[in-house]
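Written out below as structure tokens is the structure these notes cover.
Just so you know, all these numbers are worked out from the coordinates, no wet-lab data involved. Computed from a prediction, not measured in an experiment: that's the story for all the values here. So basically every Cβ, Gly included, is an ideal-geometry build from the backbone, and we count neighbours across all protein chains shown.
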Amino acid sequence: MNISNDTSNKDMRDAFFDEIYLSSMDNKNIVVITNDMDIFSLRELKTQRPNQFINVGVAEQNMINIASGLASMGMKVIIYGIAPFVVYRCYEQIKFNICSMNLPVTIVGIGSGLSFAFDGPTHHAIQDISVMSALPEMQILNPSDSASAKYCSDLVLNSESPFYVRMDKGIHPKIHDLNKYEPFKIIKQFNNNVILSSGTIINNVIDSVKDKDIGIIDVISLKPFPEQIFDIIKDVENVIIIEEHSVTGGLGSIFSDQANILNLNFNIHLIGFENKQILEYGSREWFYNKSGLDVKSLTKSIDNILNG
């Protein structure tokens with residue numbers, strides 16, 4: 001299999017799992033477990049390295065149990081499934097079987113935010129950061145494009161900790177020119193005001209402030225939160241946090257909690273989904289418009305904050 005290093009035209013999932021596949025060729029301790037999920041790069045892994053690929057079927061809780069058992073024997077395990085199914089349905093198993101023993105299991109949850117909006121509430125992932133961040137041992141990554149997804153794989157493969165990688169599906173605009181993993185990236189320079197965002201919603205953020213004097217920081221590592229950011233933004237007037245997640249328990253809450261621990265004061269403004277169940281069906285764009293996360297609404301909200 002000839003794998004290109006150019007991620008600009010790659011699905012984020014393939015950018016991540018291409019690197020897992022390449023590493024598995026030299027490391028027989030890498031195992032990928034899925035619940036009937038499929039992408040191109042995993043087909044190659046299943047074909048070329050069948051002893052390092054397990055499909056458990058629709059049995060997510062058991063998938064966590066198998067992963068923890070293999071990890072306890074020295075294997076490096078990557079779980080791949082739709083985010084709500086591998087997070088909410090398996091929470092007890094993740095808490096006790098993975099995190100309580102601090103095992104090197106990476107859970108890749110596909111369908112961040114409302115990636116699967118049309119599939120309804122069972123497929124929405126807008127509280128996943130909240131529940132996973134409550135686990136003391138769990139680290140959380142939220143890549144925003146295929147380049148950042150690619151280098152997240154390097155981090156998890158070289159770590160001995162549990163990880164949750166919150167992954168979008170599809171090909172998204174290239175944001176990063178990376179040659180290594182970085183926990184955050186300044187996308188647009190700033191003076192007095194800055195936006196912190198994470199994941200592919202950052203594309204709407206970028207489009208909403210093209211003509212504004214406000215900076216953007218893409219936060220890839222949600223937990224641990226990069227404390228260097230506080231040094232960089234210490235003199236700003238407003239910190240606006242925009243995320244495709246509930247405003248409770250997501251990036252905004254993580255930032256605010258860490259700032260409080262460090263006894264730092266900021267004018268913090270949160271933009272995201274209200275803290276309530278979404279029991280509706282529609283396109284991702286329709287939900288963005290309804291919740292104020294489309295470009296036009298973001299532009300108006302940001303203007304109101306800056307001019308308030």
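Provide, for q = 0.06, 0.10, 0.11 Å⁻¹, the log10 of I(q)/I(0) from a solvent-free Debye sum over equal Cα point scatterers in the chain. Results for the chain at q = 0.06, 0.10, 0.11 Å⁻¹ read -0.19, -0.53, -0.64. For Ile64, Ile261, Ile140, the sequence from fewest to most other C-beta atoms within 10 Å is Ile261, Ile140, Ile64.
Taking every alpha-carbon pair within the stretch 215-308, the share separated by more than 23 Å comes to 29 percent. Each helix, a run of at least 4 DSSP H residues, gives -39500 (n - 2.57); summed and divided by the residues of the chain, these come to -10000 deg cm²/dmol at 222 nm.
Within the stretch 171-187, which residues have the backbone N less than 17 Å from the label spot 7 Å out from Asn203 along Cα→beta-carbon, could you tell me? Label zone hits: 171-177.
Of all stretches in the chain that contain no GluC sites (Glu not before Pro) in a DSSP loop with at most 16 other Cβ atoms within 10 Å, the longest one is 1-136.
Straight-distance candidates among the aspartates and glutamates for linking to Lys95, with alpha-carbon spacing under 13 Å and chain neighbours fewer than 8 residues away dropped: Glu137. At full extension, Lys210 and Tyr88 could sit 40.2 nm farther apart than now, given 0.36 nm per residue minus the alpha carbon distance. Pairs from the list Lys76/Lys169; Lys188/Lys234; Lys185/Lys223; Lys76/Lys150; Lys46/Lys185 with a Cα-Cα gap above 25 Å: Lys46/Lys185.
Of the residues Asn27, Gly109, Ser221, the one whose Cα sits farthest toward the positive end of the charge dipole of the chain, with +1 on the Cβ of Lys and Arg and -1 on the Cβ of Asp and Glu, is Asn27.
Hydrodynamic analysis of the stretch 12-167 uses the Kirkwood radius over alpha carbon pairs. Inserted into Stokes-Einstein at 20 °C and 1.002 mPa s, it gives a translational diffusion coefficient of 141 µm²/s.
Here Lys290 is the anchor, and the lysines within straight C-alpha reach of less than 18 Å, apart from those fewer than 8 places off in the same chain, are Lys276, Lys300. The trypsin sites (Lys or Arg not before Pro) of the stretch 1-109 meeting both criteria, a DSSP state outside H, G, I, E and B (loop) and at most 14 other C-beta atoms within 10 angstrom of the site's C-beta, are Lys28.
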